[in-house]
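Asker: Pasting a structure below so you can have a look.
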Amino acid sequence: DAGVIQSPRHEVTEMGQEVTLRCKPISGHNSLFWYRQTMMRGLELLIYFNNNVPIDDSGMPEDRFSAKMPNASFSTLKIQPSEPRDSAVYFCASSFKGGGETQYFGPGTRLLVL
Amino acid sequence: SQKIEQNSEALNIQEGKTATLTCNYTNYSPAYLQWYRQDPGRGPVFLLLIRENEKEKRKERLKVTFDTTLKQSLFHITASQPADSATYLCALYVYQKVTFGTGTKLQVIP
């Protein structure tokens, strides 16, 4: 298995632009998680899906952030409009059963908003 | 909300010694606790899981303990090697939600 796949690996954009991050979970996993990691705040859970349905989005910082999972093999995290404080590494992770099972992380997308 | 503290931001030890990392938490006791390893530029990788009714778990040179009275988990790496240098994160599972600590950066000096 290729593991969790994320794209792009790096993204540099200007403030106000729309940013879309993509994730392909491990085949057969039915839970998917989006995290944001910064030096100041560590690894923060933004949202997680179970069977393509959002279960907990309490970590989504504000309305500028949205996430979708149209099918079991694809998810997007969108920021619109982006701001410099959104600069971070965004990780996608998937697990077999649910929120507490072992999570398999992707390589992350390093986002820089200028 | 759950608060997690990992003993220090960085820990330096000599090769061959045992590294001990601490994870303390407040408020509710987790159903279980996990430890992950993260290398620079990569996502965290799962190492060990210990449940609330288990006191100790081992895997090769790794050992995790879980004391629900002290609200603490200890992560040990015996006979440490330079290749063990990485950031180690603990993660708590409480009420169907996983919360990660900020991590401890371990440096094993040859």
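Asker: Given (1) more than 30 Å from A:PRO54 (Cβ to Cβ); (2) surrounded by fewer than 16 Cβ atoms within 10 Å (Cβ to Cβ), where does B:GLN96 come up short, assuming only one miss?
Answerer: B:GLN96 satisfies every listed condition except (1).
Asker: In the list A:GLY106, A:GLY42, which residue meets the criterion of being under 26 Å from B:GLY41 (Cβ atoms), modelled with pLDDT of 95 or more and within 14 Å of another protein chain (Cβ to nearest Cβ)? Explain how you work it out, then say what you get.
Answerer: Working: A:GLY42 fails: modelled with pLDDT of 95 or more.
Every option except A:GLY106 fails the conditions.
Asker: Sort out which residues of the stretch A:104-114 are surrounded by 15 or more Cβ atoms within 10 Å (Cβ to Cβ) and of a type in the set (A, V, I, L, M), and write them in order of number. Let's see the steps before the verdict.
Answerer: So the first thing to find is which residues in the stretch A:104-114 are surrounded by 15 or more Cβ atoms within 10 Å (Cβ to Cβ), and the list is A:104-111, A:113.
The answer is A:LEU111, A:VAL113.
Asker: Of all the strands (runs of 3 or more DSSP E) wholly in the stretch A:41-84, which have at least 1 residues that are among the β-branched types (Val, Ile, Thr)? Show your work before the answer.
Answerer: Values: elements: A:42-50, A:53-56, A:65-71, A:74-79.
Where strands (runs of 3 or more DSSP E) fall fully within the stretch A:41-84 and carry at least 1 residues being among the β-branched types (Val, Ile, Thr), they are A:42-50, A:53-56, A:74-79.
For (1) more than 14 Å from chain A (Cβ to nearest Cβ); (2) closer than 18 Å to A:GLU101 by Cα, each residue gets a yes or a no:
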residue: B:GLU9; (1), (2): no, no
residue: B:GLU15; (1), (2): yes, no
residue: B:ALA31; (1), (2): no, yes
residue: B:ARG51; (1), (2): no, yes
residue: B:LEU92; (1), (2): no, yes
residue: B:GLN96; (1), (2): no, yes
residue: B:THR104; (1), (2): no, no
residue: B:PRO110; (1), (2): yes, no
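Asker: Failed condition for A:THR76, given (1) at pLDDT 95 or above; (2) buried (at least 18 other Cβ atoms within 10 Å of the Cβ); (3) within 12 Å of the chain's Cα centre (by Cα), with all others met?
Answerer: Evaluating A:THR76 over (1) at pLDDT 95 or above; (2) buried (at least 18 other Cβ atoms within 10 Å of the Cβ); (3) within 12 Å of the chain's Cα centre (by Cα) leaves (2) as the failure.
Asker: Now a separate question. Can you work out which of the residues in the stretch A:89-103 that are touching a residue at least 24 places away in the same chain (Cβ under 8 Å) and crowded, with 21+ Cβ neighbours inside 10 Å is nearest to the other protein chains (Cβ to nearest Cβ)?
Answerer: Let us first name the residues in the stretch A:89-103 that are touching a residue at least 24 places away in the same chain (Cβ under 8 Å), namely A:89-99, A:101, A:103.
Within this subset, residues satisfying the condition of being crowded, with 21+ Cβ neighbours inside 10 Å are A:90-95, A:103.
Values: A:TYR90: 10, A:PHE91: 5, A:CYS92: 8, A:ALA93: 7, A:SER94: 11, A:SER95: 9, A:GLN103: 7 Å.
By that ranking, first place goes to A:PHE91.
For (1) over 12 Å from the mean Cα position of the chain (by Cα); (2) of a type outside the set (D, E, K, R), each residue gets a yes or a no:
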position	(1), (2)
B:GLU15	yes, no
B:ARG37	no, no
B:PRO40	yes, yes
B:LYS71	yes, no
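Asker: Still on this structure: Which one is surrounded by the most Cβ atoms within 10 Å (Cβ to Cβ), of the residues in the stretch B:48-67 that are among the acidic types (Asp, Glu) and closer than 23 Å to B:GLY16 by Cβ? I'd like the intermediate steps shown before the answer.
Answerer: At the first step, the residues of the stretch B:48-67 found to be among the acidic types (Asp, Glu) are B:52, B:54, B:56, B:60, B:67.
Filter again for closer than 23 Å to B:GLY16 by Cβ, leaving B:56, B:60.
Values: B:GLU56: 11, B:GLU60: 8.
Top of the filtered list is B:GLU56.
Asker: Which residue is surrounded by the most Cβ atoms within 10 Å (Cβ to Cβ), if the candidates are limited to the stretch B:24-47 and must be in contact with a Leu (Cβ under 7 Å, 6 or more places away or on another chain), at pLDDT below 95 and assigned to a strand (DSSP E or B)?
Answerer: Within the stretch B:24-47, the first condition is being in contact with a Leu (Cβ under 7 Å, 6 or more places away or on another chain), and the residues that meet it are B:25, B:30, B:32-38, B:44, B:47.
So of that shortlist, the ones also at pLDDT below 95 come out as B:25, B:30, B:32-34.
From what's left, assigned to a strand (DSSP E or B): B:25, B:32-34.
On the way: B:TYR25: 23, B:TYR32: 18, B:LEU33: 29, B:GLN34: 25.
Across the stretch B:24-47, the extreme among qualifying residues is B:LEU33.
One line per residue, one yes/no per condition, for (1) part of a strand (DSSP E or B); (2) surrounded by fewer than 21 Cβ atoms within 10 Å (Cβ to Cβ); (3) modelled with pLDDT of 90 or more:
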position	(1), (2), (3)
B:THR69	no, yes, no
B:HIS76	yes, yes, yes
B:CYS90	yes, no, yes
B:GLN107	yes, yes, yes
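Asker: A further question follows. Inside the stretch B:65-90, can you point out the residues that are among the β-branched types (Val, Ile, Thr) and within 14 Å of chain A (Cβ to nearest Cβ)?
Answerer: Taking the stretch B:65-90 first, the residues among the β-branched types (Val, Ile, Thr) are B:65, B:68-69, B:77-78, B:87.
Once the filter is applied, which keeps residues that are among the β-branched types (Val, Ile, Thr) and within 14 Å of chain A (Cβ to nearest Cβ), the stretch B:65-90 yields only B:THR87.
The values are calculated or read from the model by the stated rules, or taken from the named source; none is laboratory data. Because the structure is predicted, anything quoted here is derived from the model rather than measured. With ideal geometry, Cβ positions are generated from the backbone for all residues, glycine too; neighbour counts draw on all protein chains shown.
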